1. By a straight-distance test (C-alpha under 14 Å), which aspartates and glutamates pair with Lys82 as possible cross-link partners, with residues fewer than eight away in the same chain excluded?
2. Can you tell me the length gained on complete extension of the stretch Asp24 to Thr112, counting 0.36 nm per residue apart and subtracting the Cα distance?
3. Across 10 Å bins from the origin, how do the percents of Cα pairs in region 16-149 run, short distances first?
4. Quick one: if the Förster radius is 30 Å, what FRET efficiency do Glu57 and Asp119 give, using the C-beta to C-beta distance and rounding to 0.05?
5. Arrange Ile27, Ile46 by Cβ neighbour counts within 10 Å, fewest through most, would you?
6. Kindly state, to the nearest 0.05, the FRET efficiency for Arg128 paired with Glu77, given R0 = 41 Å and r defined as their beta-carbon distance.
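Each reported figure results from applying straightforward, stated rules to the coordinates on display, with no laboratory input. Remember, predicted model here, so these are calculated numbers, not experimental data. Neighbour counts are summed over all protein chains in view; Cβ atoms, including those assigned to glycine, are modelled from backbone coordinates with ideal geometry.
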Amino acid sequence: MKRAILALLLLAAPAVAHDQMTGDLHIIHPSIPAPNATAKSAAGYITISNEGETPEELLGVRSPFAASTTLHTTIFEDGIAKMRPLIGVPLAPGDVVNLEPGGMHVMFMGLTGTAKEGDMIPATLIFRKAGEVEVEFMVDPADGADHSQMDHSGH
């Protein structure tokens, strides 16, 4: 009975979710909300689970989709959302880290092309121990947030 329920839950899961295992790292649904056609930047989101017993760290991201791709976090100063660069994202053993709207995220700056819903954008995640891991960010429906107008200066 439990297996039947689990099977039904798995069938009900969104078809757009995609993930992969790389060593002890479980990389879950890299995604980019569809940027508008004139956008110069876009945000990327991903969940990473460290299922091993060794600390890991996401050091950076590289993609042909943008002139530069960096890790950022969102901070609020006087009620205004500001983006600040991150040096890295630590992943302690057993940790699940969400790079998500309103928190840590990937910034694709200086877009080299357009992206529409359903496109797959190649990227390389760079980890301290696991090295370079090839992934694809799925372009999801737009969330209405225009990251091109946010302060990404890092000051």
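1. Cα-Cα hits under 14 Å: Asp146, Asp151.
2. That pair, Asp24 and Thr112, stretches by 28.4 nm at full extension.
3. 13, 46, 33, 9, 0
4. E between Glu57 and Asp119, to the nearest 0.05, is 0.55.
5. Sorted ascending by nearby Cβ count, the order is Ile27, Ile46.
6. That pair, Arg128 with Glu77, gives E of 0.85.
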